[in-house]
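Have a look at the structure below before the remarks.
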Amino acid sequence: METMGFCSSCGLVYPEGHNYCPLDGGRLAEHADPMLGTVLAGSYRIVELIGEGGMGKVYRALHLHRDRRVAVKVLASVMTHLTDQKERFLREARAAALIRHENIVEVYELEEMSDGILFMAMELLDGESLGQALEKGPMPIERIVPILRQICSVLGPLHAMGIIHRDLKPDNIFLVAGSSWARPTTWRRRS
């Protein structure tokens, strides 16, 4: 079987024998994840795996027409055949797209491909989860209170609209680097 080389900078895949990307000179890595290098909906080239959960994976991607880096959350192929999981993924994307708030990640697009791949393209955030921050040790009260206020500033109005976060935990709250924003990342409408 031929080993493919993958450029994590530009997201292109090269056949065996290439050690460096001819476009940017970056060293090629072994092509392990079949999504790497894939272009979804003719617009999003998958560049790097940045997160993984029970329902799927989150990748850093490049929007080819806008030259913009985005996050792409892909529902696991096993889940696309489970109606409940698929509907849950769709509700999450719709709920996040419904609300414009500085503390909710912005969803740009939700798409189902002809081969059944379901994905959402969203704002790519720079920073770490609250879970990762807490692994470093306790946070001072001066830091945690503003984070809790931001979470509550979103939860109150959303609950009034019938939207709840069914998996609110430190790993699902993202602390944006260089700002004081905290963003919960998985919203669902109440059934």
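The values are calculated or read from the model by the stated rules, or taken from the named source; none is laboratory data. All figures in this text were calculated on a predicted structure; none of them were measured in a lab. Ideal geometry is used to build each Cβ from the backbone, glycine not excepted, and the neighbour counts take in all protein chains shown.
So the values come out like this:
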read-out: Any hit, the stretch 172-190, residues being modelled with pLDDT under 90, in a helix (DSSP H, G or I) and among the charged types (D, E, K, R); value: no
read-out: Residue that is surrounded by the most Cβ atoms within 10 Å (Cβ to Cβ), among those in the stretch 19-31 that are modelled with pLDDT of 70 or more and aliphatic (A, V, I, L, M); value: Leu28
read-out: Flag if Ala121 is at pLDDT 90 or above and either touching a Leu at 6+ places or on another chain (Cβ under 8 Å) or outside any helix (DSSP H, G or I) (or both); value: yes
read-out: Selection from the stretch 114-136 of residues that are free of Cβ contacts under 8 Å to residues at least 60 places away in the same chain and of a type in the set (A, V, I, L, M, F, W, C); value: Leu118, Met120, Met122, Leu125, Leu130, Ala133, Leu134
read-out: Unique residue being touching a residue at least 12 places away in the same chain (Cβ under 8 Å) and at negative phi when the list is Ile163, Ile141; value: Ile163
read-out: Members of the stretch 158-171 that are modelled with pLDDT of 85 or more and not in a loop (DSSP other than H, G, I, E, B); value: Pro170, Asp171
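Here is a yes/no grid of residues against (1) surrounded by 16 or more Cβ atoms within 10 Å (Cβ to Cβ); (2) in contact with a Cys (Cβ under 8 Å, 6 or more places away or on another chain); (3) modelled with pLDDT of 80 or more:
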site	(1), (2), (3)
Phe6	yes, no, no
Tyr14	yes, yes, no
Gly17	no, no, no
Ile46	yes, no, yes
Ala96	yes, no, no
